[in-house]
Amino acid sequence: YVLDPRGKFVFDAEDYQQALQQADAQKGTPEAIRHLERAMALYTGQFAPDFYSEWAETLRWQLEEQSMTLLGSLAKAYNAAGEYKKSADICQKILERDEFSEAGWYGLMTSYVLSGQTEAAKYSFSRYVKVIAEEDMDDEDLPEFEDLVSEIKAGKERI
């Protein structure tokens, strides 16, 4: 097989990178959210999962890391725009991929607190404490739920 050198080729990984760059250049604007959403739509899973090669493994890992950062950025942007339901949905996606993500849990609780859903935030907090306890992780530095709610309401975001 030979590719026609005059042909026009489209690479979704390249489009994904471009969308991330455009979002970064327009950070804090509605256009940034649009670019982040576009990037999220382009990332449909691991790059070439059935192909083993050092360059593919490296690219696969880089794209996976970028996608987690993308989800965190999008959740934070949705919260800033008052789109708390969308933010909570994105945080759920983060937690599906990494249930130990402190940023994912904090973002989920932030979305619930800011939307007035204190009971949902409390439930998320108890789930987070349970996840930490099951894995024998250090939960000594974990604030009380009320302190966390106060911190969120004061506007301190850690996503």
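The values are calculated or read from the model by the stated rules, or taken from the named source; none is laboratory data. None of these values were measured; they are calculated from a predicted model. All Cβ positions, even for glycine, are placed from backbone atoms using ideal geometry, and neighbour counts span all protein chains on display. Just so you know, the surface numbers come from the protein's heavy atoms only, side chains and all, with ligands and any DNA or RNA stripped out. Shrake-Rupley method; radii C 1.70, N 1.55, O 1.52, S 1.80 Å.
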Under a Cβ-only charge scheme (Lys and Arg +1, Asp and Glu -1), can you give me the dipole magnitude of the chain about the Cα centre, in debye to the nearest 20?
980
Between Ser124, Ser115, Ser53, find the one with the highest GNM mean-square fluctuation for the chain; connect C-alpha pairs within less than 10 Å.
Ser53
Give me the tail of P(r) for region 37-85 as a percent: Cα-Cα pairs with distance above 16 Å.
48
Mind checking the full-extension length gain between Ala13 and Thr69? Use 0.36 nm per residue of separation minus the Cα-Cα distance, one decimal, nm.
18.6 nm
P(r) histogram, all alpha-carbon pairs of region 73-125 included - 5 Å bins from 0, percent
5, 26, 35, 24, 10, 0
Rounded, prolate or oblate (a/c below 1.5 giving rounded, otherwise prolate when a/b exceeds b/c) for region 1-82 by Cα gyration tensor
oblate
Mind giving me the nanometre distance, one decimal, between the label points for Ala41 and Ser150, set 7 Å out from Cα along Cα→Cβ?
4.4
Using the Karplus equation 6.51 cos²θ - 1.76 cosθ + 1.60 (θ = phi - 60°), what ³J(HN,Hα) coupling, rounded to whole Hz, does each residue of region 112-118 give in order, writing x for Gly and Pro?
5, 4, 5, 8, x, 9, 4
Per DSSP H run of at least 4 residues, take -39500 (n - 2.57); add these up for the chain, divide by its residues and hand me the 222 nm value, nearest 500 deg cm²/dmol.
-22000 deg cm²/dmol
Could you report the accessible area of Ile132 in Å², rounded to 10, computed with a 1.4 Å probe on the protein chains as they sit in the structure?
10
With every protein chain kept in place and ligands, DNA and RNA left out, what is the accessible area per residue of region 1-136? Probe 1.4 Å, answer in Å².
64
If you project the alpha carbons of the chain onto their three principal axes, what span does each projection cover, largest first, in Å?
63, 37, 19
Within the accessible area of region 1-149 (1.4 Å probe), percent carbon and sulfur:
51
With a point put 7 Å past each Cα toward its Cβ, work out how far Asp4 is from Asp98 in nm, to one decimal.
4.3
